[in-house]
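This report refers to the structure that appears directly beneath it.
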Amino acid sequence: KKLATANQIGCGVADKLSFQYILCAATSPASKINEETVTYLNQRQSYELRMKRLGDNSSFQGGDQLKSVVRVVFHDRRLQYTEYEQLAQWKSIRPNERLLDIDIPLSVNIYDIRKDPTAVNKVEFLWDPNKDTSVAIQVHCISTEFTAHRHGGEKGIPFRIQVDSYSTEDEHLHSASCQIKVFKPKGADRKIKTDREKMEKKTDKDKYQPSYEYTILTEVCIMPLHDTSQCAPTEAAFSSPANNSYNSSFQSTPDLNRSLQSPTNPVPAPTEDGGDKGGTMEPFHLPSEPLAPGASIQETQAWLTHNRFGNYVRTF
């Protein structure tokens with residue numbers, strides 16, 4: 001088995017973005033029309049995530065494969081800023097557990113599965129786009145584990161399931177994500193039932209989206225700040241939207257693509273230790289001074305590097 005090359009896949013934007021990921025779990029009926037849907041999951045339950053590359057796959061011959069990384073990340077920007085510390089604390093409390101895991105017997109046509117013991121929130125694997133592919137994922141934490149503990153009734157925080165796909169040359173091809181909340185076993189089923197009962201009593205049902213049986217992951221527009229040929233692609237491509245007020249950070253729009261690919265204001269790409277990589281410049285559009293509160297993760301990294309705060313880049 002071998003990975004597909006960038007030439008086989010094609011470098012056109014339309015070709016790169018022809019992926020589809022479907023999570024076999026119902027969306028909440030309580031999502032308003034102008035809001036992103038949220039999907040409820042049960043802790044430790046296996047959910048099928050179907051993966052497909054759309055379009056012509058005739059160029060994939062002789063076992064050519066793609067690589068995908070699935071991860072669970074924070075939806076709220078406040079927690080994104082402290083993700084490393086939050087996950088490290090969770091790992092210290094549960095030293096022998098993973099936040100995200102794969103149910104291998106229930107997965108179909110995935111190969112070379114890798115689970116980094118230091119990155120408990122992500123898994124990676126290879127797959128053949130010419131075959132029906134699905135990965136059975138399990139989320140082992142619940143949404144209230146990262147909220148302040150009171151005397152019960154805590155409101156759980158939302159997570160995101162994000163899928164990043166790459167070529168054999170570690171070229172980032174496509175990313176997509178969806179918003180989830182994780183409950184204790186059977187809690188998701190009860191929450192769906194409660195939401196439906198509440199919707200039955202509402203008089204403004206036209207303002208809410210219907211509940212769908214499956215969740216289609218929304219495309220995430222990513223322009224890696226790092227040079228993916230010289231650093232881990234999963235870290236280079238990381239991006240998770242914060243909330244609906246920052247929809248532009250994960251919806252694919254021409255204006256966003258142009259700004260991220262702007263040849264002006266090149267920024268030195270940070271090395272593993274957060275410093276500047278001498279002699280190598282990565283094009284990136286720098287935000288104006290001071291850094292805006294709604295800046296994306298990539299803009300924040302660029303601002304830190306530009307203002308000589310490179311040691312803090314890895315925080316994001």
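The values are calculated or read from the model by the stated rules, or taken from the named source; none is laboratory data. Since we're looking at a predicted model, the values are computed, not measured. Neighbour counts are summed over all protein chains in view; Cβ atoms, including those assigned to glycine, are modelled from backbone coordinates with ideal geometry. These area figures cover heavy atoms from the full protein model, side chains too; ligands, DNA and RNA do not enter into them. Shrake-Rupley method; radii C 1.70, N 1.55, O 1.52, S 1.80 Å.
Distance between the pseudo-spin-label points of ALA292 and ILE33 (7 Å out from Cα toward the beta carbon): 2.7 nm. Taken along the Cα-to-beta-carbon direction at a fixed 7 Å, the label points for LYS155 and TYR84 span 3.0 nm. What is the calculated FRET efficiency for ASP56 to ILE113, with r their C-beta to C-beta distance and R₀ = 30 Å, to the nearest 0.05? Calculated value: 0.65. Ranked by the mean number of other Cβ atoms within 10 Å per residue, highest first, peptides 296-302, 101-107 order as 296-302, 101-107.
Between GLU169 and ARG190, the modelled labels are 5.3 nm apart [label points 7 Å from Cα along Cα→Cβ]. As an equivalent ellipsoid, the stretch 74-207 spans semi-axes of 30, 22, 15 angstrom, where each value is the square root of five times an eigenvalue of the C-alpha gyration tensor, largest first. Taking 18 Å as the limit for the C-alpha separation, the pairs LYS181/LYS202; LYS32/LYS184; LYS91/LYS191; LYS32/LYS198; LYS32/LYS186; LYS32/LYS191 exceed it in the case of LYS181/LYS202; LYS32/LYS184; LYS91/LYS191; LYS32/LYS186. In terms of the Cα gyration tensor, with a ≥ b ≥ c the square roots of its eigenvalues, is the stretch 18-118 rounded because a/c is under 1.5, prolate because a/b exceeds b/c, or oblate? In terms of gyration-tensor shape, oblate.
Would you work out if the stretch 83-126 is rounded, prolate or oblate? Take a ≥ b ≥ c from the square roots of the eigenvalues of the alpha-carbon gyration tensor; rounded if a/c is under 1.5, else prolate when a/b is larger than b/c, oblate otherwise. Taking the square roots of the gyration eigenvalues as a ≥ b ≥ c, the stretch 83-126 is prolate. Determine how large the accessible area of LEU54 is when every protein chain is in place; take a 1.4 Å probe and give Å² rounded to the nearest 10. Solvent-accessible area, nearest 10 Å²: 70 Å².
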